[in-house]
Amino acid sequence: MDRGARGYVHVAFNVGSRERVDELTAQLVADGYEKISGPRVTGDGYYESCILDAEGNTVEITG
């Protein structure tokens, strides 16, 4: 999927726990942001979800 990336690939925030990843992801989706993956455990062992911000940038939320 080419979203016309120009600067960084994505930005990531660690929110401290899987529960917080779930809560924040659910809140962002309820607020109208598009979830593009997760929450899930990645191949390298991270628990994460990814959403698109208002400008189409990928925001990774880890716990």
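Quick look at the numbers
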| read-out | value |
| --- | --- |
| Among residues of the stretch 38-49, those that are in a strand (DSSP E or B) and either modelled with pLDDT under 95 or open to solvent by 30 Å² or more (accessible area, probe 1.4 Å) (or both), counted | 5 |
| Subset tally (residues that are among the β-branched types (Val, Ile, Thr) and touching a Lys or Arg at 6+ places or on another chain (Cβ under 9 Å)) for the stretch 11-40 | 2 |
| Scope the stretch 40-63; condition more than 12 Å from residue 10 (Cα to Cα) and hydrophobic (A, V, I, L, M, F, W, C); matching residues | 41, 54 |
| Residue 18 vs. criteria modelled with pLDDT of 95 or more, out of contact with any helix residue (DSSP H, G or I) (no Cβ under 8 Å at 6 or more places or on another chain) and not aliphatic (A, V, I, L, M) | yes |
| Matching residues in the stretch 16-37 - criterion: being part of a loop (DSSP other than H, G, I, E, B) and touching an Asp or Glu at 6+ places or on another chain (Cβ under 8 Å) | 33 |
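The values are calculated or read from the model by the stated rules, or taken from the named source; none is laboratory data. Being a predicted model, the structure only gives us computed values, none of them experimental. Here the Cβ is made from the backbone with ideal geometry for all residues, glycine too, and neighbour counts use every protein chain on show. Side chains included, ligands, DNA and RNA excluded: accessible areas come from the protein's heavy atoms. Shrake-Rupley method; radii C 1.70, N 1.55, O 1.52, S 1.80 Å.
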